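The values are calculated or read from the model by the stated rules, or taken from the named source; none is laboratory data. These numbers come from a predicted model, not from an experiment. When we count neighbours, we look across all protein chains shown, and the Cβ atoms used for this are built from the backbone with ideal geometry, even at glycine. Ligands, DNA and RNA are excluded from the accessible area calculation, which covers all protein heavy atoms including side chains. Shrake-Rupley method; radii C 1.70, N 1.55, O 1.52, S 1.80 Å.
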Amino acid sequence: MVFKPIIGGTFTMGEGGNAHQVTLTKSFEIGVYEVTQKQYEKVMGGNPSRFKGAQNPVENVSWDDAVDFCRKLSALPGEKIAGYVYRLPTEAEWEYACRAGTTTKYSFGDSDSPLGDYAWYDKNSGKTTHPVGQKHPNAWGLYDMHGNVWEWCQDWYGNYPSGSVTDPTGPSSGSCRVIRGGSWFSTAGRCRSALRSGLSPSYRNYDLGFRVVRSSVKSSRRRRG
């Protein structure tokens, strides 16, 4: 996997009446690409995807499946030796990474006219997923943040806070987990940076995938020391 270090900062999360200021105090490393079928199969021993392709994003995975992938990946001997731990991004981390410093509807501007250069969505996907990284990245070098497959986030789905927040992790409980980014099946409007939805953690569909965040246990220990 390839990861991009993201430096923390303050940004406006959401849009319209849901817009609020969020500060992320900690840097994090997020996957440059959505998790591929090859990567998923190597860790999990199987490939549930409908649209088969080693470099296509894995899909037809539930939130529970994605969390299990992160757990098993973190437990691999090589990852434990390196001190790496994997998890899903929080919703705030995901949007911060997607926006890449922008305040517009998409990471490339307010018009959806260039969306086909950045995303696989209903107008250009041919009703299937595509290998990751074929479209333009956003300004921070992240691919497929718009379209291809919806991406599970760590948080429970619920109302945003009314004021400014720091390092939010979403509601403490709920019935649905957040999904972000739109998919090959989505209209342009469903691929906006701030568009959010929620699904049962056990739900699977062939437009649902994920990307992961990597943290270093060793660096955390050094900071505490």
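Listed values, structure above:
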| item | result |
| --- | --- |
| Reachable lysines from residue 72, criterion Cα separation under 23 angstrom, eight or more residues apart if same chain | 4, 38, 42, 52, 80, 218 |
| Potential lengthening between residue 75 and residue 134 on full extension [0.36 nm per residue; Cα-Cα distance subtracted] | 18.2 nm |
| Per residue solvent-accessible surface (Å²) - segment 78-204, probe of 1.4 Å | 43 |
| Antiparallel bridge percentage (DSSP; both residues within the chain; nearest 5) | 85 |
| Net charge dipole size for the chain [Lys, Arg +1 and Asp, Glu -1 on Cβ; Debye, nearest 20] | 740 |
| Partner lysines for residue 135 [C-alpha distance under 16 Å; skip if fewer than 8 residues away on the same chain] | 123 |
| Segment 12-47 versus segment 141-209: alpha-carbon centroid distance in Å | 9 |
| Sparsely packed chymotrypsin sites (Phe, Trp or Tyr not before Pro) within segment 113-155, loop by DSSP, other Cβ within 10 Å at most 15 | none |
| Listed residues 20, 172, 188: farthest to the positive end of the dipole of the chain (Cβ charges) | 172 |
| Two-site FRET efficiency, residue 111 against residue 7, from Cβ-Cβ distance with R₀ of 25 Å, rounded to 0.05 | 0.35 |
| Accessible-area order (highest first, 1.4 angstrom probe) of the listed residues 192, 71 | 71, 192 |
| Inter-label distance, nm, simple model (7 Å from Cα along the C-beta direction), residue 42/residue 82 | 0.9 |
| Rounded to the nearest 20 debye, dipole of segment 1-127 from Cβ charges on Lys, Arg, Asp, Glu | 420 |
| Local net charge near residue 103, Cβ-Cβ under 11 Å (Lys/Arg +1, Asp/Glu -1) | 0 |
